[in-house]
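Below is one structure, written out as structure tokens; the observations come after it.
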Amino acid sequence: MDSSSSSSAAGLGAVDPQLQHFIEVETQKQRFQQLVHQMTELCWCMDKPGPKLDSRAEACFVNCVERFIDTSQFILNRLEQTQKSKPVFSESLSD
Amino acid sequence: MEGGFGSDFGGSGSGKLDPGLIMEQVKVQIAVANAQELLQRMTDKCFRKCIGKPGGSLDNSEQCIAMCMDRYMDAWNTVSRAYNSRLQRERANM
């Protein structure tokens, strides 16, 4: 996402700062929405849908969201550490 | 409906683009895209949960699908709240 916002700025010359801010805000909102869509599907804690969302299912969803974020952070951190010693993504890949 | 989705990007004949109007139209398009995504995922989930062996009609499955839609929205809202809380917590810890 970062490269797209800087390349759009480069392409248009000076981008209206109001528009730039708008793009940043909407992009962030979209990331949020996308993750909610994904986690709702991934974390589906019900066999057959009933007449209401019971407290066990609700707790299950909440736990799943927290663990998903934990997992994502863990992966980023560990990748950062292992990249320092043994680069997985070498420079030549970006050529 | 035709003209409503951005055929006129706020030019209004003056030759200048109105950023305000563009932003409004972009917001609408984003909202539409999100609704489509929600609908597609909900349909997929509820089809899988409610329709075991596709028969000649929906009759028996309609009640299941209706409940599934409601539960899907409940779930979506729960996930949205939980994720938002987590983000607030992360920001508070920075």
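The values are calculated or read from the model by the stated rules, or taken from the named source; none is laboratory data. As the structure is a computational prediction, the values presented were derived from the model and not from experiment. Methodologically, a virtual Cβ is constructed for each residue, glycine included, from the backbone with ideal geometry; neighbour enumeration extends over all protein chains shown.
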Subset of segment B:14-44, residues in contact with a Phe, Trp or Tyr (Cβ under 6 Å, 6 or more places away or on another chain) and more than 23 Å from A:Q18 (Cα to Cα), comes to B:M42
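Have a look at A:Q38, A:Q34, A:Q73, A:Q83 and point out the one that is over 19 Å from B:R41 (Cα atoms), at the interface with chain B (Cβ under 10 Å from one of its Cβ atoms) and surrounded by 10 or more Cβ atoms within 10 Å (Cβ to Cβ).
Only one candidate passes the filter, namely A:Q73.
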| query | Hey, any hits in segment A:65-81 for a residue that's among the aromatic types (F, W, Y) and either touching a Cys at 6+ places or on another chain (Cβ under 7 Å) or modelled with pLDDT of 95 or more (or both)? | reply | yes
Pairing a residue in segment B:53-64 that is assigned to a helix (DSSP H, G or I) with any residue that is not small (G, A, S), where Cβ atoms lie under 6 Å and the two sit 6 or more apart in sequence or on different chains, gives B:S61/B:C50; B:S61/B:I51; B:C64/B:C50
**Asked** Of the residues that make up segment A:50-63, is at least one modelled with pLDDT of 90 or more, out of contact with any strand residue (DSSP E or B) (no Cβ under 7 Å at 6 or more places or on another chain) and among the β-branched types (V, I, T)?
**Response** yes
In segment B:69-81, residues that are free of Cβ contacts under 8 Å to residues at least 24 places away in the same chain, within 7 Å of another protein chain (Cβ to nearest Cβ) and not hydroxyl-bearing (S, T, Y) total 4
Restricted to segment A:41-60 and to residues being farther than 18 Å from B:L38 by Cα and not in a loop (DSSP other than H, G, I, E, B), the residue nearest to the other protein chains (Cβ to nearest Cβ) is A:E58
Only unsatisfied item for A:Q18, checking (1) more than 9 Å from chain B (Cβ to nearest Cβ); (2) outside any loop (DSSP other than H, G, I, E, B); (3) of a type outside the set (A, V, I, L, M); (4) exposed (fewer than 12 other Cβ atoms within 10 Å of the Cβ), is (1)
A careful count of residues in segment B:1-36 that are under 20 Å from the mean Cα position of the chain (by Cα), at pLDDT 80 or above and surrounded by 14 or more Cβ atoms within 10 Å (Cβ to Cβ) gives 5
